[in-house]
């Protein structure tokens, strides 16, 4: 019975992934690109590579970019989620998408990913590699978060708290561990360009 339930759950997860791929496929290429790059500041969008993962978790390139950033719409029936990352994270992203398409749960995917890093199948991205994320229950409710990877760095060494203090301040997660990273909530609209710096007197 337990085996049957596990199989049913796996089939359901795979079907969910396939339905997302189908729904994304119903959008025009321009709409998919606009949605996927919405996590980025406006100035970085035109140069980003945009990919879409199919029902097997294989990446399909919608647009080649030139700024070493790739974006993907990872939304599911449960919520809106777009992510743009430095190219150093592309192999890990492709690995995770394939595992998800195979019906694996988040815990298993996490364990498999760590094992892939340990074996050398995946290489950790260098310090400073950035993830631009935008997620929420719906696209309209989505909030932006930037994540800066800082492998093995301790929060206290950077003067950062290791717990979230409020809705706008940065903090360090997994302090001192290989997956240490700085979480940076973004409250400003990603559609707005920053004002020019003041001219020197």
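Only one residue in 138, 37 is buried (at least 19 other Cβ atoms within 10 Å of the Cβ) and either within 19 Å of residue 185 (Cα to Cα) or at pLDDT below 95 (or both), so which one is that?
37 is the lone residue from the list that is buried (at least 19 other Cβ atoms within 10 Å of the Cβ) and either within 19 Å of residue 185 (Cα to Cα) or at pLDDT below 95 (or both).
Please tell me if residue 133 is touching a residue at least 60 places away in the same chain (Cβ under 8 Å) and under 24 Å from residue 182 (Cα atoms).
Considered against the rule, which asks whether it is touching a residue at least 60 places away in the same chain (Cβ under 8 Å) and under 24 Å from residue 182 (Cα atoms), residue 133 comes out as yes.
Quickly run through segment 151-174 and pick out the residues that are more than 26 Å from residue 117 (Cβ to Cβ) and either in contact (Cβ under 8 Å) with a residue 12 or more places away in the chain or under 20 Å from the mean Cα position of the chain (by Cα) (or both).
167, 168, 169
How many residues, within segment 71-91, are out of contact with any strand residue (DSSP E or B) (no Cβ under 9 Å at 6 or more places or on another chain) and either buried (at least 18 other Cβ atoms within 10 Å of the Cβ) or modelled with pLDDT under 95 (or both)?
Adding up the residues that qualify gives 3.
Scan segment 92-108 for residues that are farther than 23 Å from residue 69 by Cβ, surrounded by fewer than 18 Cβ atoms within 10 Å (Cβ to Cβ) and in contact (Cβ under 8 Å) with a residue 12 or more places away in the chain and jot them down.
Result: 102, 105.
For segment 142-165, which residues satisfy the criterion of being touching a helix residue (DSSP H, G or I) at 6+ places or on another chain (Cβ under 7 Å) and farther than 24 Å from residue 81 by Cα?
Matches in segment 142-165: 161, 162.
What are the residues in segment 50-65 that are assigned to a strand (DSSP E or B) and either under 8 Å from residue 101 (Cβ atoms) or modelled with pLDDT under 95 (or both), if any?
53
Cβ contacts < 7 Å: first residue in contact (Cβ under 8 Å) with a residue 60 or more places away in the chain, restricted to segment 36-56; second residue part of a loop (DSSP other than H, G, I, E, B) and surrounded by 21 or more Cβ atoms within 10 Å (Cβ to Cβ), any location; separation 6+ or different chain. Result?
Final answer for the pair search is 40/48.
The values are calculated or read from the model by the stated rules, or taken from the named source; none is laboratory data. Please read these numbers as outputs of a predicted model, since none were measured by experiment. With ideal geometry, Cβ positions are generated from the backbone for all residues, glycine too; neighbour counts draw on all protein chains shown.
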